[in-house]
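Everything below concerns the one structure shown next.
The values are calculated or read from the model by the stated rules, or taken from the named source; none is laboratory data. Keep in mind that this is a model prediction, so the values were computed, not measured. Cβ sites come from the backbone with ideal geometry, for glycine too, and all protein chains shown count toward neighbours. Only protein heavy atoms, including side chains, enter the accessible area calculation; ligands, DNA and RNA are left aside. Shrake-Rupley method; radii C 1.70, N 1.55, O 1.52, S 1.80 Å.
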Amino acid sequence: MKSIMDEVIQLKYKMKGLKFFKFITLVIFVGSLVYGYYEYKEFTSVPTTRLATGSYYPEMPPDSHHYYLQLPIDHNNPSKGNFTDFYILSPNFKQGEEVIFWLFDNQQEAVGMINSPDDFEYFENNLEGLSYVLIGNRGVNPTLFPEVYYKNGTVNYNLALKLYGSSQQIEDLEAVRQDMQKKGLLPHDGRIMLYGGSGGGFLVQQYLDKYGSHVSRALIEFSGAPDIAQQHNVTFANNLYEQNPEAAKVYFVLSRNETRTSLAFTMFKLGLEGDKESQTRVVESQVEGSKLKDKYLYFKKWINPPYNFPFVSFIISIPSELEVKVRMYELIGADLQEYNPASSQEVNLMCEWTGVVLADFLKANVDGTIPTPHFSLNRSNYTGEVMVWSGTEDQDFSTQMGKWISDSYPNSQQAIFNDSHKRDRYDDYYLNFRKAFFVTGLNSSETQSYFKDTRQLNGK
């Protein structure tokens, strides 16, 4: 009888233990849901504060390589107050030497909390050993402006364009140059050099237009120019047919029947890598009777977040990413208003997906809230040295666009490589080519020797 009672007691304890385990599991599950919801709300919430005057980010305290400064929220109306911006000097920065301002536009989001050697790996791979400066962009996390939202959380599109637009960023860059000159971080004449690729390459052109007298030389890599594109009656970014006519023909037929934004985005990403074979297979996977291995390839790419349009579109739509849409609208908004391909030759993958992402900006334009973006740069006034790089496999910007940009500057030379928009085919060669240009100048024998290399195709 005693043994039976013992078993009953043990069973009761086991039941209590099981209930307690279930209770703890439930608590952990509910806690995880609450924490996840809280993190989601934080991630998607409208910014309400920014760094106070005189403060700094704990992850990046001020020192001999990290500087903070106060800049006007609106350079056109300084009475609106200031915000705290920052700039970062390269690991091998030497005070008083010629300095490169490496420019990134707001869609590139490259400059954040940079402190450790690992954080500099990407930058050093491009400009190793040189003195360069990275500048925090207004609108790029963590430098957010609550002002660009109404109290109800909706976007003030007019103010967003006004405060996050590149014209303000150009003034920020000039303010940083002046601050560095005052601190003795630049040569005595205060002149700098510029470097930028893709959208950053056009930002270089914008700075040269406004403050070119402060620049000795500039390198523009795999970039475009909306104003030059309009002059030549072409789109800012390449049409697909220019790089992959076969894929363009198939996509055009498919898109006539239904919207194919996810397909266009995946093809766009493959195009940036220069992978035309996969790009063609992916679009052909949507044709009736297509190969199973092609369908699998598309699925394999689509589930990868960087290739997945629903995921990327969600990320771009959160409030802290508004500056990405502002810059995209600046560069391609005018093209999107006219985009309606009537043939495979007119299919533009960038327009196909950005038109969806920027639907709210386009509506604001139709409603008269914001203007159509327009640029008009006078490049002929800049007499310093310019080097323009282009790639034969660059889906975004043609070698012809690179030539137009190069020809618009009086003292310029174009280099062409058999490479995609990623510019990663000849890393060591590229690094040494850049260093030769920035250290010895465009017309030096050292720089010209890289132009004569067989990997440089222009004139060969």
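Selection over the range 339-349 of residues that are outside any helix (DSSP H, G or I) and either open to solvent by 50 Å² or more (accessible area, probe 1.4 Å) or among the basic types (K, R) (or both) gives a count of 3.
The number of residues in the range 374-395 that are within 16 Å of N233 (Cα to Cα) and not small (G, A, S) comes to 2.
Does F361 satisfy being within 24 Å of E246 (Cα to Cα), in contact (Cβ under 8 Å) with a residue 24 or more places away in the chain and of a type outside the set (D, E)? Considered against the rule, which asks whether it is within 24 Å of E246 (Cα to Cα), in contact (Cβ under 8 Å) with a residue 24 or more places away in the chain and of a type outside the set (D, E), F361 comes out as no. Scanning the range 263-303 for residues being hydrophobic (A, V, I, L, M, F, W, C), open to solvent by 30 Å² or more (accessible area, probe 1.4 Å) and touching a Ser or Thr at 6+ places or on another chain (Cβ under 6 Å) gives a total of 1. For the range 101-124, residues that are open to solvent by 20 Å² or more (accessible area, probe 1.4 Å) and in contact with an Asp or Glu (Cβ under 7 Å, 6 or more places away or on another chain) total 2. Only residues that are at pLDDT 90 or above and either open to solvent by 20 Å² or more (accessible area, probe 1.4 Å) or in a loop (DSSP other than H, G, I, E, B) (or both): list them for the range 79-96, please. If the condition is that a residue be at pLDDT 90 or above and either open to solvent by 20 Å² or more (accessible area, probe 1.4 Å) or in a loop (DSSP other than H, G, I, E, B) (or both), then S79, K80, G81, N82, S90, P91, N92, F93, K94, Q95 are the ones that fit. Restricting the range 197-231 to residues that are farther than 26 Å from T372 by Cβ and free of Cβ contacts under 8 Å to residues at least 60 places away in the same chain, the residue that is most open to solvent (accessible area, probe 1.4 Å) is S213.
Among the residues of the range 163-198, count how many are of a type outside the set (V, I, T), in contact with a strand residue (DSSP E or B) (Cβ under 8 Å, 6 or more places away or on another chain) and under 12 Å from V99 (Cα atoms). So the count comes out to 8. Filtering V250, V234 for residues that are of a type in the set (A, V, I, L, M), open to solvent by 10 Å² or more (accessible area, probe 1.4 Å), out of contact with any Pro (no Cβ under 8 Å at 6 or more places or on another chain) and under 24 Å from A334 (Cβ atoms) leaves a single hit, V234.
Does the range 273-285 contain at least one residue that is under 19 Å from the mean Cα position of the chain (by Cα) and farther than 21 Å from G333 by Cα? Yes: one or more hits. Among the residues of the range 310-347, those identified as closer than 22 Å to Y251 by Cα and within 16 Å of the chain's Cα centre (by Cα) are V312, S313, I332.
When L194 is tested against (1) buried (at least 24 other Cβ atoms within 10 Å of the Cβ); (2) under 16 Å from D85 (Cβ atoms), just one condition goes unmet, and that condition is (2). Once the range 305-338 is narrowed to residues that are open to solvent by 50 Å² or more (accessible area, probe 1.4 Å) and in contact (Cβ under 8 Å) with a residue 40 or more places away in the chain, the residue that is nearest to T280 (Cα to Cα) is P310.
Could you name every one of the helices (runs of 4 or more DSSP H) located completely within the range 98-199 that has at least 2 residues being out of contact with any Phe, Trp or Tyr (no Cβ under 8 Å at 6 or more places or on another chain) and over 30 Å from A359 (Cα atoms)? Before you say what the answer is, go through the steps one by one.
Values: elements: 121-127, 157-164, 166-182.
Where helices (runs of 4 or more DSSP H) fall fully within the range 98-199 and carry at least 2 residues being out of contact with any Phe, Trp or Tyr (no Cβ under 8 Å at 6 or more places or on another chain) and over 30 Å from A359 (Cα atoms), they are 121-127, 166-182.
Scanning the range 147-189 for residues being open to solvent by less than 50 Å² (accessible area, probe 1.4 Å), in contact (Cβ under 8 Å) with a residue 12 or more places away in the chain and farther than 20 Å from D105 by Cα gives a total of 9. Modelled with pLDDT of 95 or more, under 20 Å from the mean Cα position of the chain (by Cα) and within 20 Å of F433 (Cβ to Cβ): which single residue out of F375, F397, F361, F417 fits that description? Within the list F375, F397, F361, F417, the selection yields F397.
The listed residues are T369, T392, and the only one of them that is of a type outside the set (A, V, I, L, M, F, W, C) and closer than 22 Å to P146 by Cα turns out to be T369. Residues in the range 39-48: is at least one at pLDDT 80 or above, out of contact with any His (no Cβ under 6 Å at 6 or more places or on another chain) and either surrounded by fewer than 11 Cβ atoms within 10 Å (Cβ to Cβ) or within 30 Å of L127 (Cβ to Cβ) (or both)? Taking every residue of the range 39-48 in turn, at least one turns out to be at pLDDT 80 or above, out of contact with any His (no Cβ under 6 Å at 6 or more places or on another chain) and either surrounded by fewer than 11 Cβ atoms within 10 Å (Cβ to Cβ) or within 30 Å of L127 (Cβ to Cβ) (or both).
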